[in-house]
Amino acid sequence: MKRQIPLAIVIVLGFVFVFYTFVPHKILADDVFNWYMNWSYSMAPFGMLLGVISLVMMHSVKISRKLPKWQFSFVTLGGLLITSIAGFVWGIQPGTPFMWIFENMQMPMSSTMFSLLAFYIASAAYKAFRARSPEATVLLVSAIVVMLAQVPIGIMISKHLPDVSQWILNVPNLAAKRGILLGVGLGSVATSLKILLGIERSYLGGGD
């Protein structure tokens, strides 16, 4: 029963929201949606509590077993504890210790992570744009045109470069993007149907 009941809940609520999307009725549009949102707000704290417990258990195991880089688990758990205490005791208003931690530690670390992405993007672009085939050559030329059109030197090279760049973005790029989105949409629909019909059950645990 511990698998059948969650499966039944997923199937019933899944079809309810399929009807909510396609049937513009007051019962579905207002009453059922509001009922669901109230339950979502009620369950959110339990989901956060489950996440905190899972995080603590995972890093506690790493520390106890001294797995690779287990020292960083102390930093993670310490940051969780200090930030939680600062938020609960002093609140999250401007000027509180919580906001000081956020502005002077969290934001700089986030900026550092995003700045590192630039180097990974440059490395990936170097690997992808090597003209080893006609398709890679087209990709390389298109990327150069688009990038040059974004800087002043591009206009100095040719006044038509921005128009060519915009055409690349609006026609071939957008066509490929829409094709990818169509594939993603069809895949999402297929996966959703498998979940609603009880075919896909991996979210319940196990390999079935």
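Every number in this text was worked out from the coordinates using simple rules, so none of it is lab data. It should be emphasised that the depicted structure is a prediction, and the values quoted were computed from it without experimental measurement. Note: ideal-geometry Cβ built from the backbone for every residue, glycine included; neighbour counts use all protein chains shown.
Figures for the structure shown
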item	result
Computed over the chain: relative contact order in percent, which uses C-alpha pairs under 8 Å that are six or more apart	20 percent
Sites Phe46 and Arg3 - FRET efficiency at Förster radius 22 Å, r taken between beta-carbons, to 0.05	0.65
Karplus (6.51, -1.76, 1.60) ³J(HN,Hα), θ = phi - 60°, over the stretch 161-170, in Hz, Gly and Pro reported as x	4, x, 5, 5, 4, 5, 5, 4, 6, 7
Amide proton proximity set for Glu200, modelled H, under 5 Å, gap of 5+	Ile195
Total charge dipole magnitude, the chain, about the Cα centre, Cβ charges on Lys, Arg, Asp, Glu only, Debye to nearest 20	720 debye
Principal-axis tilt of helix 134-149 within the chain, Cα atoms, nearest 10 degrees	90 degrees
On Cα atoms only, tilt of 33-65 relative to the major axis of the chain in degrees	90 degrees
Simple spin-label estimate for Phe114 and Asn38 in nanometres, 7 Å along Cα-Cβ	3.9 nm
Rounded, prolate or oblate (a/c below 1.5 giving rounded, otherwise prolate when a/b exceeds b/c) for the chain by Cα gyration tensor	oblate
